[in-house]
Every structure is written in structure tokens, then in C-alpha cells.
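A quick write-up on the structure given underneath.
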Amino acid sequence: MKIEYHTPRIEIHYCTECRFILRANWLAQEILMTFANRIGELVLIPSTSGEFRINFDGKNIFSRKDTGRFPDSKELKQMIRDNIDPMMSLGHSDN
């Protein structure tokens, strides 16, 4: 029996002036490797003013301006997993 999953849209908004694109690309790669067929879209959105924000289906799940820092990949994977399937194991990222 095939299990159907909701395929969410994930957006990474990054500041082009601050050259945050490398971090955005790295996190995008981590998300794609971890959630392969469980997401519908992963979009990089150029922005300005020091922005680095991540949205999950239109809901903000991380903002650099709110936290004063960037997310680490483990933290971001856990946030996404909690929105997709809280019971999904992330292996070493759960420890």
C-alpha cells in the first residue's frame, strides 16, 4: 500500500547583498537529501536587508532577524520533519 504525503513548498529567502546564497544553497541541498520525495517544491528567493528566512507552506518557521543567527541543518531538518511527519526518524539528526 502506497502512503500519500502532502508535498509542501519550502522557501528560503536570502539576502543577495550579504551574499547569503552559499548558506541558502547548502541548506537547500540538506533539505533535498533528507526529504527527497516528501516535498513538492524548494525555492530560493533573493531578497535584501540582511534577510534569511525559511517558510514552510507559507508559514515562517525560521527568521534570522528574529533569532539573530542562522539555523543549523539539524535544527532546520527537525522543524521541517515536525511539519511533514513528526514520527519520521532523522537518524543521527535526532540525537
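What follows is calculated from the coordinates using simple rules that are stated; it is not laboratory data. This structure is a prediction, so every number in the text was calculated from the model and none was measured. Note that we place each Cβ from the backbone using ideal geometry, even for glycine, and neighbour counts take in every protein chain shown.
Annotations
- A Cβ-based charge dipole, computed about the Cα centre of the chain with Lys and Arg at +1 and Asp and Glu at -1, lands at about 140 debye.
- Its relative contact order, with pairs defined as Cα atoms under 8 Å and 6+ residues apart, puts the chain at 30 percent.
- The GluC sites (Glu not before Pro) of region 1-61 that meet both conditions, a loop assignment by DSSP and at most 13 other Cβ atoms within 10 Å of the site Cβ, are E4, E17.
- Charge tally in the Cβ shell below 10 Å around G40, where Lys, Arg are +1 and Asp, Glu are -1, G40 excluded: 0
- With neighbour counts taken as other beta-carbon atoms within 10 Å, the residues I12, I61 rank, fewest first, as I61, I12.
- Between helix 73-84 and the chain there is an angle of about 50 degrees, using the helix long axis and the longest principal axis of the Cα atoms.
- Applying a DSSP loop filter and a limit of 14 other Cβ atoms within 10 Å to the chymotrypsin sites (Phe, Trp or Tyr not before Pro) in the chain leaves Y5.
- Cα lying deepest toward the dipole's positive end in region 9-79, options M33, T16, P46, charges on Cβ: M33
- Largest GNM mean-square fluctuation across R69, R53, R38, computed for the chain with C-alpha springs under 10 Å, falls on R69.
- Local electrostatic count, K74, Cβ distance below 11 Å [Lys/Arg +1, Asp/Glu -1]: -2
- Footprinting exposure proxy for L44, L76, L32, L22 (fewest neighbouring C-beta atoms within 10 Å first): L22, L32, L44, L76
- The angle separating the long axis of helix 21-35 from the principal Cα axis of greatest extent in the chain is about 0 degrees.
- Share, in percent, of DSSP beta bridges within the chain that are antiparallel, nearest 5: 55 percent
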